[in-house]
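Here is the structure we will look at, set down as structure tokens.
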Amino acid sequence: MAPGLRELQAALVTQLLSASCGESELPIAGDSIPAAARLRIHRHHVLSSLSKALAGTFCTVHRLVGEDCFKSLSRDFVQAEPPCGPVLAEYGATFPFYLDAHPLARELPYLADVARLDWALNRAFHSPLERPLAGADLAHVPTEELPLQRVRLTAGATVVRSAYPLARIWAACQPDAPEDDVELGVEGARLLVFRRPDDAGFVGLGEGEAAFVSSLVPGCSLEEAAIAAMGVEPGFDLPLAFARLLALGIMLRCSKDDLVTG
Amino acid sequence: MRSVAGIGLRSPHLAQMVRERPATGFLEIHAENYLLSSPALAAVEDLRRDYPLSVHAVGLSLGSAEGLDAAHLERVVGLVKRLQPAFVSEHLSWSRSGGRYLNDLLPLPYTEETLSVVADNVDRLQQALGRQVSLENPSCYLAFGHSTLSEPEFLSELVDRTGCGLLLDANNIHVTAHNLRLDPQDWLRTLPGTAITQYHLAGHAVNDADGEPILIDDHGSRVSDVVWRLFAASIAQFGPRPTLVEWDTDIPPLPVLLEEAASAEQALQDGRQHGARAA
């Protein structure tokens with residue numbers, strides 16, 4: 001008896017994601033083109049289209065490991081962790097963790113962090129452009145109240161940390177980059193990733209700045225963020241850092257909604 | 001909307017479209033590429049002031065036995081309300097089962113059970129949108145042995161049950177007919193022509209399947225001669241409709257795509273003149 005639609009669809013998904021697409025138990029009509037060959041067309045499309053989507057999102061990882069290696073990595077990932085939604089830009093959140101556990105991480109220990117940077121850039125690119133806090137917005141705030149102001153990061157802004165020189169690895173992977181070796185182990189990276197009007201980008205942060213930015217969550221005041229920054233960098237220059245972050249346009253004053261949902 | 005030809009708006013052409021605003025009948029976007037904020041969505045919101053839009057969804061999975069994904073449906077409805085397109089369409093296919101999405105337009109067995117599943121899903125979609133949706137005939141690479149209806153019979157029933165429109169993809173008819181050994185003219189004869197709201201055109205590739213040629217709907221080349229002829233036959237049978245030229249892989253420079261749309265426009269024009277003479 002033919003399976004019901006629900007069973008048929010469940011079986012087909014399992015078969016299309018399996019390691020190989022051999023003989024099928026499904027009621028697929030075959031003729032001079034066998035059912036297995038017909039199924040392979042869908043299997044190829046599923047794996048190759050999702051692999052291409054991952055190559056678009058993780059473009060630095062893709063350039064770093066090359067076409068063949070990325071194809072193999074991404075296809076294995078698709079089979080292990082297929083998408084749970086139809087929006088391709090939202091697929092791959094767990095790819096960096098998959099790379100952490102992959103044998104390739106022994107050879108390229110920074111690979112998962114590069115993937116984290118790619119993912120953060122993808123998230124920032126797909127975040128709404130918000131009007132950031134400007135110096136003028138604070139002009140009417142009495143000086144003694146400034147430390148009490150509650151500020152959050154604009155949508156998509158985030159800090160990516162790594163024990164490896166991520167910014168230099170990223171730069172070396174850009175299409176026009178000169179073929180210089182990147183010296184590993186010299187310094188780690190604290191990168192602030194954020195949405196810009198036409199794309200997403202990042203800048204490097206000092207240790208105090210990174211702690212300050214990481215503290216800008218709803219409910220936290222500027223004073224608390226400054227204390228966190230001074231905790232990791234006693235000489236932290238608050239006015240200088242605050243002016244720099246203002247110029248980058250990555251801060252927003254918390255609204256009541258932020259405080260409720262945050 | 002007038003029966004004009006338009007193009008699929010793809011990311012490599014976005015900046016040029018915004019800058020140059022070349023003449024074309026309408027722009028089509030894939031809903032799932034614009035559900036998140038991005039500079040690309042901002043560009044589409046800018047372009048919609050000058051061009052009618054068609055929102056073509058590829059991930060609603062109207063053929064899923066487990067029903068529609070409520071969260072995804074809500075996002076698509078939000079996009080449609082925001083962009084107010086001239087058309088909304090989806091495919092007669094599925095891509096979701098057990099919470100996993102396969103990013104493909106997978107084929108359905110054409111049975112009474114499937115008909116009832118798809119009709120329920122289309123009803124729910126049209127109710128959520130508060131407007132008619134057109135369903136596109138898929139490119140098929142396989143058929144299920146237990147199907148009891150032909151594809152045009154299935155589409156015809158679906159139109160009767162839900163009042164949905166049909167999006168007739170001439171390339172998909174050719175691909176399906178070749179791959180499943182069907183006669184495209186027979187296929188067209190059974191279709192309820194008045195439900196057709198739009199035509200699609202695209203190129204296809206020829207691959208090898210265990211020594212036999214099989215056609216792949218890859219949207220990666222110019223429309224083939226045989227598909228142009230099928231398009232002309234569709235216009236002769238059903239009349240002109242707004243027509244989209246799609247190009248999704250090996251995307252050419254924008255002028256090539258506009259050239260294909262101009263050829264479609266000419267075929268619509270020829271069809272109108274021929275129709276007027278016949279009348």
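What follows is calculated from the coordinates using simple rules that are stated; it is not laboratory data. Because the structure is predicted, anything quoted here is derived from the model rather than measured. We place every Cβ from the backbone using ideal geometry, glycine too, and count neighbours over all the protein chains shown.
So how strong a dipole does region A:128-262 carry about its Cα centre when Lys and Arg Cβ are +1 and Asp and Glu Cβ are -1, to the nearest 20 debye? Could the numbers behind the result be given before it?
Working: 11 positive and 20 negative charges, 103 e Å.
Computed about the Cα centre, the dipole is about 500 debye.
With a ≥ b ≥ c the root eigenvalues of the C-alpha gyration tensor of chain B, is it rounded (a/c under 1.5), prolate (a/b larger than b/c) or oblate? Rounded is the answer for chain B, as its axis ratio a/c remains below 1.5.
Starting from region A:143-211, pick out the trypsin sites (Lys or Arg not before Pro) whose DSSP state is loop and whose Cβ has at most 10 other Cβ atoms within 10 Å.
Working: sites: A:150, A:152, A:161, A:168, A:190, A:195; in loops: none.
Those that pass, being in a loop and sparsely packed, number zero.
Kindly provide the Kirkwood hydrodynamic radius of the protein assembly as shown in Å, to one decimal, from all pairs of distinct alpha carbon atoms.
Result for the protein assembly as shown stands at 25.8 Å.
What do you get for GluC sites (Glu not before Pro) in region A:1-51 restricted to DSSP loop and a cutoff of at most 16 other Cβ within 10 Å of the site's Cβ? Present the calculation step by step, with values, prior to reporting the outcome.
On the way: sites: A:7, A:23, A:25; in loops: A:23, A:25.
Answer by residue number: A:23, A:25.
Sparse packing (at most 14 other Cβ atoms within 10 Å of the Cβ) combined with a DSSP loop state is found for the following trypsin sites (Lys or Arg not before Pro) in region B:13-92: B:49. Cα centroids of region B:45-77 and region A:230-244: 47 Å apart.
What residues of region A:31-64 lie in the reach of a label at residue B:181, counting those whose backbone N is under 17 Å from a point 7 Å from the Cα along Cα→Cβ? Under cut-off, by backbone N: A:31-39. With the charge dipole of region A:1-158 set up from +1 on Lys and Arg Cβ and -1 on Asp and Glu Cβ about the Cα centre, the Cα lying farthest toward the positive end among the listed residues A:13, A:146, A:96 is that of A:13.
Here the 3J(HN,Hα) profile of region B:126-131, calculated from phi with Karplus coefficients 6.51, -1.76 and 1.60 at θ = phi - 60°, is 5, 5, 5, 7, x, 7 Hz, Gly and Pro shown as x.
Per-residue shielding of B:33-46, expressed as the average number of other chain Cβ atoms within 10 Å of the residue Cβ, stands at 4. Simple rule: put +1 on each Lys or Arg Cβ and -1 on each Asp or Glu Cβ in the protein assembly as shown, find the dipole, and look at A:69, B:31, A:169; the Cα lying farthest toward the positive end is B:31.
This model, with +1 at the C-beta of Lys and Arg and -1 at the C-beta of Asp and Glu, gives region B:5-278 a dipole about its Cα centre of some 980 debye.
For the peptides A:198-211, B:59-72, the ranking by mean Cβ contacts within 10 Å, running from highest to lowest, is B:59-72, A:198-211.
Residues whose amide H falls under 5 Å from that of residue B:191, counting only those 5 or more places apart or on a different chain, are absent, with hydrogens built in the peptide plane. Take the alpha carbon atoms of chain A, find their radius of gyration, then divide it by 2.2 N^0.38 Å using N residues; give the quotient. Scaled against compact globular proteins, the figure is 1.29.
Charging the Cβ of each Asp and Glu at -1 and of each Lys and Arg at +1, and nothing else, the dipole of the protein assembly as shown about its Cα centre rounds to 1180 debye.
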